[in-house]
Each structure stands twice: as structure tokens, then as C-alpha cells.
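What follows is a single structure, written as C-alpha cells, with notes after it.
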Amino acid sequence: MKRPLLIGAIVCLALTVALAPLAGCAPKPKAEPTKVLKVGMMTPTTGAAAEKGRVMGHANLDAIQYINSERGGVEGHPIEVLWLDSAYDAAKVVTIVKRFMDEGCLLFTTASSKEMSAAMEIANEAGFPGIACFSSPVLYRPPKHIYGQTPDYGDDALAFANFYLKNIWKGKAGRPKFALHLLNNPTGYGARDAFRAKADELGIEIVSIDEHAATTTSEIESLTRIKAKKPDVLFISSTPAPTAVIIKNAYELGMYPGITIGCAHASFTKALIDIAGAKIVEGVYGTFPTVLWGEDVPGMAKMTEYCKKLHPEDYGNMDYITSWAQSLIVAEILRLAVKNAGYDALAKGNPESWKIVETQGFHKLKNYDVEGLQGPVSYTPGDNRLTKYNRIYQIVNGQIANPSKWVEAPLVEYEKYEWFGK
């Protein structure tokens, strides 16, 4: 089967796939090519977060190809994707979102919290619903028209802190000392805000907060200051490349092994191991909101088939799982909207259509299991996190392993803190 798209260095394309069902399968609704459901998707396929964005863009589009070719689209309507590369650039994001709205998209997705933080003002003003794959509390506290696919970076921070207290600190005298190393955008600020809100309640001491850029090449200076404070934990909320720099520098300074290192989920993928080297990151902990590759869940076989067929270089990278799951969630939202309101109510792709997608799609989500690839998806009034479940993992012998049980993240109403968003 020939794939109907080519991705170049800088690409802008519309994807529509409407293929016949596989022979021998149960009949699927016949897709009507003229009655498409159009969505906008952006990923940072080039730029400072390209090690994540390339993989996530592949997965988004591979999953849409699967949905259209093997499932007959959504209620017989193919999903048409307007996919654009944000280059991890805030100015480009705003232009992209305007184009999504102008071209009749029913909703839009981003890979990163940085992209969505740039998109949210214009999207919220217009009532244009969006889903961030990786999210930060500032995107939806208070809740408006932006939704988080997975637990946010604040949830990551609190999940790891609780795991550390229970499984590593184990009731030792005093308060464990945490040093935070944070990307200088919502990826880092979400973790910062969580610790700011809950550190005293948890019984931990924050001894330092340092920021870094996505393009950093050395953090020796900041880590030397941190080392002098003798932390028990270094918590990093960033993307893979800068996280690799930080951990390598900590290794060079003799801080690690020694202290415990925990990572929020944006960095905790195969790319971190590949960039830093397996020896350097051995034993590092991290959160992640999906299952591992190869786990026995309903959606694993089909996702693996498409990944190995279309982008074999991405196999083993858990970022692929997040974005494949994102496309499945998009399809479920559209299915609910079509079922509850009918295709004609969505056909114009205008503000009235957006409202219907939100109220009859997003808001009707209830325990959608995403084929077991991540926690179940539901909408809860007042909480725009569609999934509340996380896992803690550890790097062992060069692999992400040792998954914890699923951890449910409680709602934190950050907007009630006077410092939030300032």
C-alpha cells in the first residue's frame, strides 16, 4: 500500500486517506471522500525539539492513515489532516492556528506545551478546541477550550515526589532536599508551580531552582552551584537533548551516581538514552503516561505494524505511542460529535461547528480506553486533563523499564494561588 504523503524538510500538507477495508475483515462504513472531517495538527519536526517532534509527527499521521484505511474513517467520513511544522517557534504557532481556523478545521492538536502556550490565547478567544499531547497547568487552569491529553508536568512532579518519598526516602529523618532544573518554558514551569504549591504539604525542601534553554550545551556552572547545596534529588523537567546535557554534566561532576535523578515525561524517552549514552543515564527515574513498547494491550499490535512499516527508526521511542494515542483520541472525539450532532452540523468548520465538537465530542468522553496504550480518557467538568494516570519508570540496562502501577494525579486548582501565571 503506497503511503499518500511525503514529509520533506519543511512541509505543509493535507492528508486524506480513504481506502477499502482489508479483505476478510468485518465490513467498515464506506468513506465518503467529499464529506471529510478536517483537523489541524502541528509538531516541532524541525527546531530545538526536533528529536521529539519528528517522531510525534510520524505517529500522528501514521495513526490517521490506519483509521482511514482500516476503520473506514469516523462514521464513514475520512479524517483530513492539515499538518504543519511549528519548528518549536511561538510566532509560527500563532500563524498556524489562524490557518487551521481559516481552513475549516474542527479542532487542533499540538505536541508540546510550548506550542500550546503560544496557541491558547487566540484559540480560547475564538472558542477553537485544542489538545496538547504534552501539557502544563497554565494551558487549562482555569479551564477554557484547551485540553491536556495526558497528565501535565505538575502532575509528573508530584507523582515522582510521592514515589520518591514512599520508595526511596522511606521515612528517613528530616525533609529530603530537591533541586529543580527546568526548561525555560511551560515544560519547566509546570513542575515549578507544582512544587511551589505542594512542597510543604509533601514534606520536601526545595533547595534550588535553575532554568536552562532548549539549546543548552553545558550546565556545569549551574550544577556546580547545585552540588554545593547537597540535594538528595535532582528533578529535571525538560526535553531529551538538554536533559542529556544536564545528566552528563552531573556525571562529570561526580554528583551522579549518588543523588537520585527524576525526570518529567517530556524527556523520558529512548531519545534521552541515545543522546546521553546508556551508561550515563543508568538508574535514572522518570514519569511517562503510556505503556511500554511490547506490552500486551489491544492497540499494541496495530501500532507496531504501522510503525515498523512506515517509520521503523521510531520503534521503541515512547513519544510515538503518545502521538498515535492522540490521533485515536481525536477520532473518538469526532465519532462522538458525529453520533450526537450529525455530520452536517460539523460540515462548515466554523465557530458553531467548534462548539458542537467541544460539547458533543470532548465533553462526552467517558472512559475511552485508547486501546490500552495510556490511561482511560474522560472529560470531567472543571478539569480539562483528559487522562489523569501516570507511571514511574527507571532506566535499566539501557532500556526504560520497571513500570510502577498507574498513579492517578489529583486535581490542583493552581488558579487559586495568587502567584500562578505571574
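Scaled against 2.2 N^0.38 Å for its residue count N, the alpha carbon radius of gyration of the stretch 45-92 is 1.38. Expressed in units of 2.2 N^0.38 Å, where N is the residue count, the Cα radius of gyration of the stretch 213-264 is 1.02. Counting every pair of alpha carbons in the stretch 112-155, the share spaced more than 15 Å apart comes to 27 percent. Both radii come from the Cα set of the stretch 77-210: Rg as radius of gyration, Rh as Kirkwood radius; their ratio Rg/Rh reads 1.10. Over the Cα atoms of the stretch 332-422, each weighted equally, I'd like the Debye log10 I(q)/I(0) at q = 0.10, 0.19, 0.20 Å⁻¹, rounded to two decimals. Debye curve over Cα of the stretch 332-422, log10 I(q)/I(0) at q = 0.10, 0.19, 0.20 Å⁻¹: -0.43, -0.94, -0.97. Only Cα sites of the stretch 224-375 enter the Debye sum here, all with the same form factor; the resulting log10 I(q)/I(0) across q = 0.09, 0.12, 0.16, 0.17 1/Å is -0.44, -0.68, -0.91, -0.96, listed in q order.
When the alpha-carbon atoms of the chain are used, the pair Rg, Dmax equals 20.9, 67 angstrom. Highest mobility in the GNM of the chain, judged by mean-square fluctuation with C-alpha springs under 10 Å and restricted to 167, 184, 60, is found for 167. If you average 1/r over every pair of different alpha-carbon atoms in the stretch 289-394 and take one over that average, what Kirkwood value in Å do you get? Here the Kirkwood hydrodynamic radius works out to 15.1 Å.
Ignoring aspartates and glutamates fewer than eight residues from residue 248 along the same chain, the ones with Cα atoms less than 12 angstrom from its Cα are 219, 282. Relative contact order of the stretch 199-358, please, whole-number percent, based on alpha carbon pairs below 8 angstrom and at least 6 residues apart. Reported as a whole number, the value is 15 percent. Binning all Cα-Cα separations of the stretch 151-301 at 5 Å, short to long from zero, yields these whole-percent fractions: 2, 10, 20, 23, 21, 13, 6, 3, 1, 0. Please tell me which of these pairs span more than 24 angstrom C-alpha to C-alpha: 227/388; 166/230; 114/166; 270/308; 170/230? Over 24 Å apart, Cα to Cα: 227/388; 114/166. Here is the tail figure for the stretch 64-137: Cα pairs spaced more than 17 Å apart come to 47 percent of all pairs. The lysines within cross-link reach of residue 348, meaning a Cα-to-Cα straight distance under 28 Å and a gap of 8 or more places when in the same chain, are 28, 30, 35, 38, 92, 98, 144, 339, 364, 366.
Neighbour counts of C-beta atoms inside 10 Å place 412, 370 in the sequence 412, 370, starting with the fewest. The shape of the stretch 145-210 can be summarised by an equivalent ellipsoid whose semi-axes, obtained from the alpha carbon gyration tensor, come to 23, 14, 9 Å from longest to shortest. Counting Cα-Cα pairs of the stretch 355-404 in 5 Å increments starting at 0 gives whole-percent bin shares of 5, 19, 19, 17, 13, 10, 8, 6, 3, 1. In summary, the stretch 242-322 shows an alpha-carbon radius of gyration equal to 1.25 times the 2.2 N^0.38 Å reference for compact globular proteins. The modelled label-to-label distance for the pair residue 94/residue 259, using points 7 Å beyond Cα in the direction of Cβ, is 3.7 nm.
No value in this document is a laboratory result; all are computed from the given coordinates. All values reported here derive from a predicted model rather than from experimental measurement. Positions of Cβ are generated from backbone atoms using ideal geometry, with glycine treated the same way; all protein chains shown enter the neighbour counts.
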